Structure formats: structure tokens, C-alpha cells
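Remarks on the structure that follows.
The values are calculated or read from the model by the stated rules, or taken from the named source; none is laboratory data. In this text the structure is predicted, and so the values were computed from the model without any measurement. Neighbour counts are summed over all protein chains in view; Cβ atoms, including those assigned to glycine, are modelled from backbone coordinates with ideal geometry. Surface accessibility is based on the protein's heavy atoms, side chains included, excluding ligands, DNA and RNA. Shrake-Rupley method; radii C 1.70, N 1.55, O 1.52, S 1.80 Å.
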Amino acid sequence: MLPKLARIHSTDATNREIARWYLAALQKTGASDQAVYDRLLQVDPSERDSIEQLANLTF
């Protein structure tokens, strides 16, 4: 887990964005970080859809 991401707050847009991309990247590789995922969803349950959308992107 990325240590700074453990302190995700609803007003901290930068950490939320980093966590979103981090979790999407992990999802693409078949890995996960449940602690960060749970914390992000505590802050905003709609992040689940955002992570899914990012994970489904192809570059």
C-alpha cells in the first residue's frame, strides 16, 4: 500500500486521483490493495465506477 494514500480525505482531490489511478493499474494486472480501495470508497462510493472506467481504458 502506498503510505500517503492511507490518509485519503474527501477534500484531498490529489490523493483521491492518485488512489483511483493506482487501483485501476493494480486491477489491470490482476492485483489489488484492499485497504486503499476500502478507504477510497468510504470517502466516496462513486469512486468504484471511476476505478472501473480507468481500468477499462486502452492506450
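Here are the numbers:
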| quantity | calculated |
| --- | --- |
| In the range 10-29, the residues that are open to solvent by 70 Å² or more (accessible area, probe 1.4 Å) and in a loop (DSSP other than H, G, I, E, B) | SER10, THR11 |
| Residue tally, condition more than 21 Å from THR58 (Cβ to Cβ) and touching a residue at least 12 places away in the same chain (Cβ under 8 Å), over the range 19-41 | 7 |
| Restricting the range 37-59 to residues that are among the β-branched types (Val, Ile, Thr) and at pLDDT below 95, the residue that is nearest to ILE8 (Cα to Cα) | VAL43 |
